[in-house]
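The values are calculated or read from the model by the stated rules, or taken from the named source; none is laboratory data. None of the values given here were measured: they were computed from a predicted structure. Because the Cβ atoms are built from the backbone with ideal geometry, glycine has one as well, and the counts that use them run over all protein chains shown. Note: areas computed on protein heavy atoms with side chains; ligands, DNA, RNA excluded. Shrake-Rupley method; radii C 1.70, N 1.55, O 1.52, S 1.80 Å.
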Amino acid sequence: MKKFIPVMIIGLIISMAVSSYFNRVESALSDNVLRLHVIANSDSDFDQQLKLKVRDKILQRSDSIFSKKSDISEAKKNIKDNLEEIEKIARSEVAANGCDYPVKVTFGKSDFPTKAYGNVTLPAGTYEALKVEIGEAKGKNWWCVMFPPLCFVDASSPEMSAEAMAMLKDNLSEDEYALITNSENKNVEIKFKAYEIWQSGKNKVKLLMK
């Protein structure tokens, strides 16, 4: 048993170091990106399609909300200043599709899982997000990065635009950018998923110990 103690200690030190590193990356990213979170009324085909139509209208509006020279502070201010306008756009699209669902638009912190966007992967974590809740908001949700602008109206597009990638790079450190860019780190999504699972397990242990 004694011979296993040093191995356990080394393993614990490595786990703590890995956790600390990913926590720093997650924190840096959450401080430099804003996400869009659209939640459908239900999982019916109609409600899911409506969700995407609302998403498209909001993304079209975001072109004028974020200037090419926006930084993260200005982007947050622009979203807050335009919350009523964004909600109006969402309500108008819902009405245009023959529905009277209420729409709630808020800006604040939300939890997100690990997610790949073309050639960029972001780790699970708490990010500031523009949240759009349609009707009862009990359906599957859709999310993306609103700033830097990594969202697509055409969600099938396989790669980020050069302009969006340049803005992302300007807002992150060199190491952070390299870590989340799949072209430079092929195993990044696997690493982030492993970290996500590890964090989930750690949180469950904490709950059991309360």
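Using a 1.4 Å probe on the protein heavy atoms, what percent of the accessible area of region 82-122 belongs to carbon and sulfur? Before the final figure, lay out the partial values.
Values: 950 of 2080 Å².
The computed percentage sits at 46.
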Going by amide H atoms built from the backbone, whose H comes under 5 Å of the H on G125, apart from near neighbours?
F112
Sort the following peptides by mean Cβ neighbour count (other Cβ atoms within 10 Å, averaged over residues), highest first: 134-142, 76-84.
134-142, 76-84
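So how do 115-123, 91-99 stack up, highest first, on mean other-Cβ count within 10 Å?
On the way: 115-123: 19.0, 91-99: 15.0.
The packing order, highest mean first, is 115-123, 91-99.
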Can you tell me the Rg and Dmax of region 54-146, counting just the alpha carbons, in angstroms?
13.9, 38
Would you mind checking which residues have amide H under 5 Å from L150's amide H? H placed 1.01 Å from N; only 5 or more apart, or other chain.
V145
Once Lys and Arg are counted +1 and Asp and Glu -1 for all other residues with Cβ under 11 Å from that of E128, the total becomes +4
Amide H contacts under 5 Å for G139, restricted to residues at least 5 apart in sequence or on another chain and with H modeled in the peptide plane, are A40, N41, S42
